[in-house]
Amino acid sequence: MTLPSDDFAYREGSLHAEGVSLTTLAEAVGTPAYVYSVAALRHRLDRYMVAFAGMDCLVAYAVKANGNLSVLSVLATAGAGADTVSEGEIHRALEAGISSDRIIFSGMGKTDAELAYALTLPGLQLNVESTPEYERLTALARARDVRPTVVIRVNPDVSAGGHAKIATGKSGDKFGVPVEEAMALYRRAQDEGAVRPVGLACHIGSQIRQVDPFGDAWRRLRQMTLALRAEGLSVDRLDLGGGLGVDYAGAGAGATPADLADLARRTVGDLVVKLAVEPGRSIVAEAGVLISRVIHVNARQDGPTFLVLDAGMNDLVRPALYDAWHDLAAINPRSGAPVAYDVVGPVCETGDTFARGRLMPPLQAGDLVAFGGAGAYAASMASEYNSRLPAAEVLVDGERWALVRPRPRLEEVLAREVRPDWI
Ligand code: LLP
């Protein structure tokens with residue numbers, strides 16, 4: 001379970017983020033709002049830093065999980081590099097103080113403009129994810145007379161991941177270059193000389209809670225490394241990807257960063273390569289909650305009791321998109337027998353359902369609740385569907401807190417649009 005936790009715990013019956021009352025925050029910034037804990041961010045990054053210490057490994061935080069600049073700055077200060085998948089994410093990482101030689105540019109559909117931008121950044125690791133991308137990149141690099149550092153992302157044909165929509169490592173998935181083609185591409189890159197092939201990468205999926213699939217994929221990288229070296233090619237870097245899961249639903253202990261590091265030692269530890277890992281969710285998911293206010297309780301005569309919240313699928317899309325479970329806790333729980341609620345948002349779709357039959361302490365209009373595990377893939381996947389304003393983001397550190405992304409005003413949102421004068 002993700003709530004309560006060390007960093008989001010009850011004090012005198014009221015849920016806090018570290019030393020700050022979530023009730024106070026809800027009153028100060030309004031709801032819905034995302035609240036992140038600095039201690040939780042540092043602690044979760046630290047698990048990777050400690051586990052991989054002594055292995056020459058870059059912990060490249062996957063910005064897509066949560067790209068908030070303050071979150072990134074906390075992680076950057078604590079030693080993280082960045083794994084990015086768009087020009088926008090690269091800008092965020094740079095803005096947070098991560099130097100370009102600690103940034104990885106992944107993604108299977110980088111545009112020419114994005115590749116050209118990446119070519120201006122010294123030391124950036126470009127993960128080439130297909131043969132056509134390689135061909136576009138070499139043309140751009142030649143035209144600019146630069147020789148980028150390239151890693152080939154392999155599709156190791158391993159199935160893994162918490163949901164079919166987030167599994168990426170199986171042949172037939174759109175990601176990575178199949179093993180034989182990747183070997184040929186590596187040789188070709190070396191021969192053609194337009195880029196500097198330095199290694200191999202893989203990323204097999206997300207919300208993976210066992211080590212076995214990682215082992216399968218990394219052994220594949222090992223075999224490829226040895227085979228390429230036997231041909232006289234140098235392979236100096238292995239990017240092992242991200243994907244470690246978190247315990248959203250109290251399913252019990254799963255693999256940890258320490259388990260991954262042990263596995264890396266066993267599978268690729270003797271290869272004398274520079275390593276990278278790209279964790280996203282396992283660093284930020286449990287470092288954030290989404291707080292929301294109950295709009296009303298609708299105990300319908302035909303059965304369900306709907307708990308209608310002011311947060312919707314536009315603020316936390318994971319239940320709608322992946323049938324994901326998120327903890328939901330009353331911030332100031334009342335005493336009384338638990339009630340089974342169908343927890344829904346106000347968006348005009350039945351898909352805007354967070355949970356069915358969820359047992360909660362009795363709740364009333366105006367009460368506050370918190371979704372756990374909302375530090376990852378919540379704010380970063382949010383939309384303005386139904387013209388709902390993006391929720392505020394708050395960072396808490398001990399007793400202090402800051403509004404790190406205010407909720408925009410409706411006028412600001414409307415002002416982004418332009419009406420042609422011919423209407
Ligand atoms: N590296 C690459 C190349 C990736 O594609 C991803 C995630 C990561 C690293 C980080 O994976 P993580 O450690 O966060 O599992 N929106 C989905 C998750 C999509 C993950 C996509 N790729 C969700 O909410 O479950």
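Scanning segment 87-123 for residues that are touching a Phe, Trp or Tyr at 6+ places or on another chain (Cβ under 6 Å) and closer than 23 Å to residue 193 by Cβ returns a single hit, 118.
May I ask you to verify whether residue 269 is over 30 Å from residue 55 (Cα atoms), away from the ligand (no atom under 16 Å from the Cβ) and among the small types (Gly, Ala, Ser)? No. Looking at segment 130-142, is at least one residue of a type in the set (Asp, Glu), crowded, with 17+ Cβ neighbours inside 10 Å and modelled with pLDDT under 95? No - not one qualifying residue is present in segment 130-142.
Examine segment 323-331 for a residue that is more than 16 Å from the chain's Cα centre (by Cα), modelled with pLDDT of 95 or more, within 16 Å of the ligand (Cβ to nearest atom) and surrounded by fewer than 18 Cβ atoms within 10 Å (Cβ to Cβ), and state whether such a residue exists. Yes, segment 323-331 contains at least one residue that is more than 16 Å from the chain's Cα centre (by Cα), modelled with pLDDT of 95 or more, within 16 Å of the ligand (Cβ to nearest atom) and surrounded by fewer than 18 Cβ atoms within 10 Å (Cβ to Cβ).
Taken over segment 238-265, the residue count meeting the criterion of being hydrophobic (A, V, I, L, M, F, W, C) and either outside the structural domain of residue 207 (by TED's automatic domain parsing) or surrounded by 15 or more Cβ atoms within 10 Å (Cβ to Cβ) (or both) is 9.
Matching residues to (1) of a type in the set (Val, Ile, Thr); (2) more than 25 Å from residue 395 (Cβ to Cβ); (3) assigned by TED's automatic domain parsing to the domain that holds residue 173:
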{"position": "47", "(1), (2), (3)": "no, no, no"}
{"position": "52", "(1), (2), (3)": "no, yes, no"}
{"position": "66", "(1), (2), (3)": "no, no, no"}
{"position": "92", "(1), (2), (3)": "no, no, no"}
{"position": "113", "(1), (2), (3)": "no, yes, yes"}
{"position": "133", "(1), (2), (3)": "no, yes, yes"}
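Here residue 24 clears all of (1) in contact (Cβ under 8 Å) with a residue 40 or more places away in the chain; (2) assigned to a helix (DSSP H, G or I); (3) surrounded by fewer than 17 Cβ atoms within 10 Å (Cβ to Cβ) except the condition numbered (1).
The set of residues from segment 266-294 being assigned to a helix (DSSP H, G or I) and buried (at least 24 other Cβ atoms within 10 Å of the Cβ) comprises 281, 282, 283, 284, 285, 286, 287.
Being small (Gly, Ala, Ser) and within 16 Å of the ligand (Cβ to nearest atom) is the requirement here; does residue 383 meet it?
Details: small (Gly, Ala, Ser): yes; within 16 Å of the ligand (Cβ to nearest atom): yes.
Yes: the conditions hold for residue 383.
Pairs are defined by a Cβ separation below 9 Å, a sequence spacing of at least 6 or placement on different chains, a first member in segment 205-218 that is under 13 Å from residue 259 (Cβ atoms), and a second member that is among the aromatic types (Phe, Trp, Tyr); the pairs so defined are 208/214. Quick check: anything in segment 182-197 within 26 Å of residue 261 (Cβ to Cβ), touching a residue at least 60 places away in the same chain (Cβ under 8 Å) and in the same structural domain as residue 227 (by TED's automatic domain parsing)? No, the conditions are met nowhere in segment 182-197. Considering (1) within 17 Å of residue 154 (Cα to Cα); (2) part of a loop (DSSP other than H, G, I, E, B); (3) of a type in the set (Asp, Glu), the lone condition that residue 247 does not fulfil carries the number (1).
Taken over segment 391-415, residues that are touching a residue at least 40 places away in the same chain (Cβ under 8 Å) and in a loop (DSSP other than H, G, I, E, B) amount to 5.
Can you tell which of 260, 290, 244 is within 14 Å of the ligand (Cβ to nearest atom), of a type outside the set (S, T, N, Q) and in contact with a His (Cβ under 9 Å, 6 or more places away or on another chain)?
On the way: 260 fails: in contact with a His (Cβ under 9 Å, 6 or more places away or on another chain); 244 fails: in contact with a His (Cβ under 9 Å, 6 or more places away or on another chain).
One residue alone meets the criteria, 290.
What's the number of the condition residue 152 fails, among (1) part of a helix (DSSP H, G or I); (2) under 21 Å from residue 188 (Cα atoms)? Evaluating residue 152 over (1) part of a helix (DSSP H, G or I); (2) under 21 Å from residue 188 (Cα atoms) leaves (1) as the failure.
Confirm whether residue 215 is assigned to a loop (DSSP other than H, G, I, E, B) and either over 23 Å from residue 105 (Cα atoms) or not aliphatic (A, V, I, L, M) (or both).
Considered against the rule, which asks whether it is assigned to a loop (DSSP other than H, G, I, E, B) and either over 23 Å from residue 105 (Cα atoms) or not aliphatic (A, V, I, L, M) (or both), residue 215 comes out as no.
Sub-7 Å Cβ pairs linking a first residue in segment 296-324 that is under 19 Å from residue 249 (Cβ atoms) to a second residue that is among the aromatic types (Phe, Trp, Tyr) and within 11 Å of the ligand (Cβ to nearest atom), at least 6 apart or interchain, are 318/377; 324/248, ordered by first then second residue.
The values are calculated or read from the model by the stated rules, or taken from the named source; none is laboratory data. Fair warning: this is a prediction, and the values are worked out from it, not measured in the lab. Cβ: placed from backbone, ideal geometry, glycine included. Neighbour counts: every protein chain shown.
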